[in-house]
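Bear in mind these aren't lab numbers, they're just calculated from the coordinates by the rules spelled out. Keep in mind that what you see is a predicted model, and the values were worked out from it rather than measured. As a convention, Cβ positions derive from the backbone with ideal geometry for all residues, glycine included, and neighbour counts pool all protein chains shown.
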Amino acid sequence: MLSVSKIGVSRLGRNHFRALSVYCCEKSMRLPRNVSCCVLWVGLPLALALGAPKGLAAPTMEAIPLSQTPHLDGDVVNDPAWSSLTAATGFVQVRPFEGTAASEPTEVFIGYSEDTLFIGVVCYDSEPQGLIISDGGRDSITPEVDNFAVVIDSFKDRQNGFVFSTTPGAVEFDGQVVKGGAGSFGSGGGGFNLNWDASWDVAAEVNELGWSAEFAIPFKSLRYGGANVQDWGINFHRLIARRNELSFWAPLGRQHNLFRVSEAGTLKNIAVPKQRNLKITPYVLGESKSGGALTENAESEGDWGFDAKYLLTPSLSLDVTYNTDFAQVEADDVQVNLDRFSIFLPEKRPFFLENAGQFSVGNPREVELFFSRRIGIGAGGVQQPIGAGARLSGKVSGSTNLGLIHMQTQSVNALAGNSYTVARVNQELINRSSLGAMYVARQGDDDRDYNNTYALDGRWGIGDEITITGYVAQTETPGRRGDDHAGSLRFNWDSESWTNRLGYAKVGENFNPEVGFLRRSNYEKFDVMIFNRTRPSDLWGLFELRPHAYHRSYFDNDGYHESGFTHIDNHFEWHNGLEIHTGINFTYEGVREPFEINEGTYVPIGEYDHKESQLVFMTDRKKALSGSVKSFIGGFYGGDRVAVETKLNYRLGDAFTAALTWSHNDIKLPAFAATDDIPASAGEFEVNVVRLRLGYSFSPKILIQALVQTDDRSDLIATNLRFSWLQAANAGLFLVYNEVDDDSFVGGMEKRREFAVKYSRIIDVFQ
C-alpha cells in the first residue's frame with residue numbers, strides 16, 4: 001500500500017499595519033453633483049511598499065530522469081515508473097482557511113525522458129464519491145469542478161509561464177501566463193491566454209484513494225533557454241470543489257492565483273534537449289452557402305491552406321500561415337449598444353491569440369494599440385480573406401521579448417486589401433518590471449492610404465504589492481495632424497486585504513489607431529478604486545465580505561464633463577456558495593450631440609444626472625443546477641431604466657452542460673416632437689437578448705457545441721452548431737453549421753445558411 005505523506009507545512013500569517021488616510025476629493029475629481037459623500041482613497045507609506053516581499057521561502061523539488069516511461073492510464077500509485085521519485089507535498093490553503101494545511105493530501109511527482117516532461121499527481125480524497133466533474137471538452141475547466149493545475153515558468157523570468165490542468169475526467173486545459181497574470185489578456189494588459197494550445201496528453205482515474213492523473217508534456221510544446229541543465233519556476237494548485245477549497249504547493253496570498261509566477265517554487269536540474277521542431281498543420285475545407293430564399297443563391301466551394309511553426313531557437317518561434325481559415329471558431333456573442341460609444345468584441349481566432357499578450361499595450365477594452373480583429377474582419381463582422389502572414393515571437397535573450405507580425409489581406413467586394421505590420425520589443429527587469437516599444441502599421445494600395453502607431457510602455461513593480469504601469473503613444477494618419485497623442489499612468493496596490501487603484505488617461509482628438517481599438521476619443525479620464533477583502537471568523541456562515549467603491553470621470557479636452565460613474569457596493573459570499581452583491585450607482589452623462597439610442601428613439605442634447613440601485617444574486621455554482629440574477633433600476637438619460645439579466649446553468653454528469661441567459665432592458669425616455677436637429681422620438685422601448693449554449697462531450701476530444709442567440713432589436717435568430725473531433729491542440733475534424741433567420745415574420749422569412757467541413761492535422765516533421 002502506498003503511504004500517504006504527512007503534511008506539516010504551515011504558512012506564516014502576514015501581520016500588516018496600514019496607515020490609512022481619508023480625504024475628500026469631490027473637487028479634484030469633479031464628481032457628479034448628486035454624490036454628497038466623498039470618494040475615499042487609501043494612503044499608504046512608501047517605505048512599507050519598498051520592503052521585501054513577506055512570507056515563507058518558496059519550496060524546491062528535483063527533476064529526476066526516469067528509468068522507464070510511465071504507462072499513461074492515470075494510475076500513478078501502481079505504476080513503477082513513479083516509485084523512485086520523491087513527491088512534492090505540503091499544500092497550503094488560500095481558501096477557505098488561508099494559511100492552514102490542505103484538508104486532503106496531494107502528492108506530485110515530476111520526471112523526464114529525452115523528449116518529454118512527465119507529471120504524476122495523486123489527489124487523495126476521503127470522499128471520492130463527492131468529486132465534481134463537469135463538461136469534458138477541451139479547455140472547459142471552471143472554478144466549480146475538482147481540478148489540479150501546474151504552472152511552468154520555463155525561463156524562470158518570474159513573469160511568464162505555461163499552465164496545464166486536468167480533472168478526474170481527464171480534461172485537457174492549457175494556457176499561457178503573460179506579465180505575471182496581471183491585467184486583462186488581449187485587452188491592453190497581461191493576464192491569461194486560454195487560447196494558447198499545446199500538443200500534450202493526460203490520463204486520469206478515480207479510485208478508492210481519490211483520483212490521480214498523469215501528464216505527458218513534450219519539450220517541443222514548451223519554450224525555454226539555451227542551457228543544457230536548467231532550473232524552472234513551478235507551482236501547483238488543487239481545487240476540492242465541494243469544500244470550495246483551493247490550495248497551493250508554493251503558498252500565495254488570497255489576492256493571487258496560480259498565475260503569480262513571481263512567487264512560484266523551483267524545479268531544479270532539468271536536462272533539456274536541443275529542439276528541432278518543425279510542425280506543419282495543413283487543412284482542407286468544404287463549404288456550402290445559401291442566402292435569401294432557400295433555393296436561391298446557393299454556392300459550394302472548396303479551399304485549402306496551412307500553418308507552420310518552426311523553432312529558430314528553443315525560445316524563439318516562427319509561425320507562417322497561408323490562406324488562413326477560421327471556420328471552426330465560435331460565433332461572437334450578440335451585444336446591444338445602449339450608449340454612443342463603440343462596443344468591444346474579443347478576438348477568438350487561435351492564430352492571432354498565441355503569444356498575443358506580448359503585443360498588448362494600452363488600457364483594457366478602452367484603448368488597444370494593437371487589436372488583431374482589425375485584420376481580416378471588416379465592419380459588421382464581414383470576413384476578409386487572409387492571403388498569407390508570418391509571426392516571429394519569443395525571447396532573443398533571457399529577458400528580452402521580441403514580436404514581429406506581417407499579414408496581407410485580399411480584396412473582396414468593397415473591402416480593399418491591406419498589408420499589416422506589427423513590431424514589438426519588451427525588456428523584462430527585476431521584480432515584475434519591464435520597458436517596451438511597439439510599432440503598428442496598415443498600408444493600403446494607395447501611398448496615401450496608411451496608418452501608423454508608435455508607442456512606449458513600462459511596468460514598475462515596487463515590493464510585493466505595488467505596480468505602476470503606463471504608456472505613451474502617437475498615431476500618424478493623412479489629414480489628421482496635431483493632438484494625435486495618447487497616454488496613461490496607473491497605480492495599483494494589491495495586498496491580501498486591499499486592492500486600490502488610481503489612474504489617469506488622455507486621448508487626443510486626432511489619435512487614430514486604425515489597427516487597434518478605441519472605445520471613445522478626445523478625452524481625459526480619472527479613475528479611483530478602493531476594494532477590501534475581509535474574512536469573518538464566524539459570522540452567519542459568511543466566507544468573505546468585499547466592500548468597495550469605484551469612480552471614473554471623462555472630460556473632453558475642452559474640460560466638458562462627458563461621463564461620470566460612481567459605484568458603491570458590497571459583496572457577500574457564504575461558505576455554501578451563495579453570493580449577494582448590493583450596490584448603488586451615481587451616473588452622469590453630458591450629451592453635446594443628439595444620438596439615436598434605438599430605432600425611432602433619440603437622446604437630445606443635455607446633462608443627465610441619475611442614481612440607480614444594483615443587486616446581484618448567485619446560487620452555488622458547484623451544484624448541478626445553478627443560476628444568477630443581476631438587476632439595475634434607476635434613472636437613464638432623463639427617463640428610467642429597469643434592466644435584468646438572468647442566467648441558468650445546468651450540468652449532467654461529466655458530459656452535458658447548458659447555459660441559458662436572458663438580458664432584458666425596459667427603458668422609458670421622454671417622448672418629443674421633431675425639431676430642426678432631431679426627428680420625433682418615440683421615447684419608450686424594450687431590448688431583449690436571449691442566448692442558449694449547449695455542450696455534450698463524448699470524450700475529452702469529441703464534443704458537440706451549440707450557440708443559439710436572438711435579440712428583438714435586429715429581429716434575428718443566429719444559430720452556430722459545431723462538432724469537433726480533436727487530434728491534438730486545435731487540429732482535427734470540424735463540422736460547422738451557421739444559420740441566421742429573420743424573426744420579424746413580415747414579408748416572408750429569409751435564411752442565410754452556411755455548412756462547413758474542415759479537417760486539419762499536425763505533422764511533426766522531425767518526429
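Find the centroid of the Cα atoms in the range 96-115 and in the range 313-347, then give the distance between the two in whole Å.
The distance from the Cα centre of the range 96-115 to that of the range 313-347 comes to 36 Å.
Could you tell me what fraction of 2.2 N^0.38 Å the Cα radius of gyration of the range 468-596 comes to, as a two-decimal ratio?
Values: Rg = 19.4 Å, N = 129, 2.2 N^0.38 = 13.9 Å.
Its radius of gyration relative to the 2.2 N^0.38 Å reference: 1.39.
Which lysines, on any chain, are close to K611 with Cα under 30 Å apart, when same-chain ones fewer than 8 places away are left out?
Correct list for K611: K27, K506, K525, K630, K647, K668.
Collect residues whose amide H, placed 1.01 Å from N in the peptide plane, falls under 5 Å from the amide H of K156; neighbours closer than 5 in sequence don't count.
It is G233, by chain and number.
So which lysines pass the test for K289, namely a Cα distance under 22 Å, with those fewer than 8 places away in the same chain ruled out?
Straight-distance partners of K289: K751, K758.
Just name one of G357, L392, V94: the one whose Cα is farthest towards the positive end of the charge dipole of the chain (beta-carbon charges, Lys/Arg +1, Asp/Glu -1).
V94
Give the long-range amide H neighbours of D712: residues separated by 5 or more places, or on another chain, with amide H under 5 Å away, using H modelled in the peptide plane at 1.01 Å from N.
Correct list: N688.
Just need the relative contact order of the chain here, percent rounded to a whole number, with Cα pairs under 8 Å and 6+ apart. Working shown, then result.
Numbers: 2125 pairs, mean separation 81.8, N = 767.
In percent, rounded to a whole number, it is 11.
Rounded to the nearest 500, what is the chain's calculated 222 nm mean residue ellipticity when only DSSP H runs of at least 4 contribute -39500 (n - 2.57) each, over all residues? List each step's numbers first, then the result.
Working: 3 runs with 12 residues, N = 767.
Estimated from H runs of four or more residues: 0 deg cm²/dmol.
Can you compute the equivalent ellipsoid semi-axes for the range 60-135, i.e. the square root of 5 times each eigenvalue of the Cα gyration tensor, sorted largest first and rounded to whole Å? Walk me through the numbers on the way to the answer.
Details: eigenvalues 133, 54, 23 Å².
Working from the Cα gyration tensor, I get semi-axes of 26, 16, 11 Å.
Sorted by packing (mean other beta-carbon atoms within 10 Å per residue), highest first, where do 561-573, 330-342 land? Walk me through the numbers on the way to the answer.
Working: 561-573: 18.6, 330-342: 14.6.
By packing density, highest mean first, the sequence is 561-573, 330-342.
Once the other residues with Cβ under 13 Å from the Cβ of L578 are scored (Lys, Arg +1; Asp, Glu -1), what is the net sum? Intermediate values should be presented prior to the final figure.
Details: positive: R621, K622, K623; negative: E544, E573, E579, D620.
Computed value for this residue: -1.
Considering every pair of different Cα atoms, what Kirkwood radius, in Å, is found for the chain?
28.2 Å
What net charge is computed for the residues neighbouring V163, neighbours being all others with C-beta under 13 Å from the C-beta of V163, Lys and Arg scored +1, Asp and Glu -1? Display every interim value, and only then the final one.
Working: positive: R260; negative: D139, D153, E172, D174, D197.
Surrounding charge for V163 is -4.
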